[in-house]
Amino acid sequence: ATPTAVMVATGVGAKHGVLIKGGDALERAQKVNYVIFDKTGTLTQGKATVTTAKVFTGMDRGEFLRLVASAEASSEHPLAKAVVEYARHFHFFEPSETKDSQKNDKDSGWLLDASDFIAVPGRGVQCSVDGKHVLIGNRKLVTENGMAIPKHIEKFLVELEEGAQTGVLVACDDVLVGALGVADPLKREAAVVIEGLCKMGIRPVMVTGDNWRTAQAVAKEVGIHDVRAEVMPAGKAEVVRSFQSNGSVVAMVGDGINDSPALAAADVGMAIGAGTDVAIEAADYVLMRSNLEDVITAIDLSKKTFSRIR
Ligand code: ADP
Ligand code: MG
């Protein structure tokens, strides 16, 4: 294509909110065989909502939620935001016997001080709240800290996961005190876009740090057959390379900090506009509308631009 054609395509892209960082990226997109999608915030809305919270011990429900929110308040993860929101709502709106004057005083004083906060990649968070050691995250986080997951809790998790939800476990001083179920609905256009890619002869793949059962339930809903789950942050780039190693041209679509190595490794990295700055920087394309239809817009634009000159 002539420099003019590339300029025109860049302009057309911009009109759709598809920002293209250079002619090379524009040219590579026409050859894409695989599009690898991150799950959370890319295929899903990233607006996670707590659907259920269960306390397994004698701990008061309000105290349980306050503990959870206090620990998650320092996390940027979509799951953490959902949990804090739920706890805040419970604290300020649920009638409670332990009602105190702070209830009407928005946000002040209801969270406990958390210290020694650590985000454990692919697992969750750990910190100290009120002198208690708190762990919030998935099975791995709990078992790697020497705790076993009893049958009734495992059953609770499996039920959530089969319903495409993520189970979040909460441990306090080495005791599993409760768990939450978090749902994150698919984007409205997700299934149509997957179908569209298949019709173009492009294979969709889903990659996620979430557990296998949830991942497969979500993939089934959206129509993706090739799933890679329980992938550590660094592993997403490995997945991209494994597809490239058989000569395929790979696009990666993602929104998170976790996705940025994979976005950089892909032949065509596409960042969701609503995603993190780190992802946007690592990508060749930015989909400003955060609409997955623009994955197809971008590929079409490349095909049109580079077929015109043949
Ligand atoms: P992804 O965003 O693809 O799910 P992550 O590596 O961010 O991948 O997270 C992997 C898993 O670790 C999550 O599905 C969740 O189970 C757990 N996790 C991560 N961060 C948190 C958090 N702040 N609170 C609870 N669980 C978390
Ligand atoms: Mg994500």
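The values are calculated or read from the model by the stated rules, or taken from the named source; none is laboratory data. Everything quoted here is computed from the prediction, not taken from an experiment. Neighbour counts are summed over all protein chains in view; Cβ atoms, including those assigned to glycine, are modelled from backbone coordinates with ideal geometry.
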Count of residues meeting criterion [over 14 Å from the mean Cα position of the chain (by Cα), closer than 28 Å to LEU79 by Cα and of a type in the set (D, E, K, R)] in the range 196-226: 4
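Checking the structure you have, find out if any residue of the range 252-263 is closer than 29 Å to LYS140 by Cα, surrounded by fewer than 23 Cβ atoms within 10 Å (Cβ to Cβ) and of a type in the set (S, T, N, Q). Spell out the reasoning first.
We begin by selecting, within the range 252-263, every residue closer than 29 Å to LYS140 by Cα; these are 252-263.
From what is left, the residues that are surrounded by fewer than 23 Cβ atoms within 10 Å (Cβ to Cβ) are 257, 261.
If we keep only those that are of a type in the set (S, T, N, Q) as well, we get none.
For the range 252-263, residues closer than 29 Å to LYS140 by Cα, surrounded by fewer than 23 Cβ atoms within 10 Å (Cβ to Cβ) and of a type in the set (S, T, N, Q): absent.
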How many residues, within the range 59-84, are assigned to a loop (DSSP other than H, G, I, E, B) and at pLDDT 95 or above? 3
Quick check: is even one residue across the range 71-78 surrounded by fewer than 18 Cβ atoms within 10 Å (Cβ to Cβ) and among the polar types (S, T, N, Q)? yes
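Regarding THR40, is this residue modelled with pLDDT of 95 or more and surrounded by 16 or more Cβ atoms within 10 Å (Cβ to Cβ)? Walk me through how you get there before you give the answer.
On the way: modelled with pLDDT of 95 or more: no; surrounded by 16 or more Cβ atoms within 10 Å (Cβ to Cβ): yes.
Taking the combined requirement at face value, the residue does not satisfy it.
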Look at the range 218-274 and say how many of its residues are part of a helix (DSSP H, G or I) and among the small types (Gly, Ala, Ser). 8
Would you be able to tell me the number of residues in the range 217-238 that are within 13 Å of SER260 (Cα to Cα), within 11 Å of ligand 1 (Cβ to nearest atom) and either in contact with a strand residue (DSSP E or B) (Cβ under 9 Å, 6 or more places away or on another chain) or not aliphatic (A, V, I, L, M) (or both)? 3
Of the residues that make up the range 36-47, is at least one in a helix (DSSP H, G or I) and of a type in the set (Gly, Ala, Ser)? yes
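Do we have VAL68 as within 16 Å of ligand 1 (Cβ to nearest atom), surrounded by 18 or more Cβ atoms within 10 Å (Cβ to Cβ) and not hydroxyl-bearing (Ser, Thr, Tyr) here?
On the way: within 16 Å of ligand 1 (Cβ to nearest atom): yes; surrounded by 18 or more Cβ atoms within 10 Å (Cβ to Cβ): yes; not hydroxyl-bearing (Ser, Thr, Tyr): yes.
Against the criterion (within 16 Å of ligand 1 (Cβ to nearest atom), surrounded by 18 or more Cβ atoms within 10 Å (Cβ to Cβ) and not hydroxyl-bearing (Ser, Thr, Tyr)), VAL68 qualifies.
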Does any residue of the range 239-254 turn out to be without any contact (Cβ under 8 Å) to a residue 40 or more places away in the chain and within 16 Å of ligand 1 (Cβ to nearest atom)? no
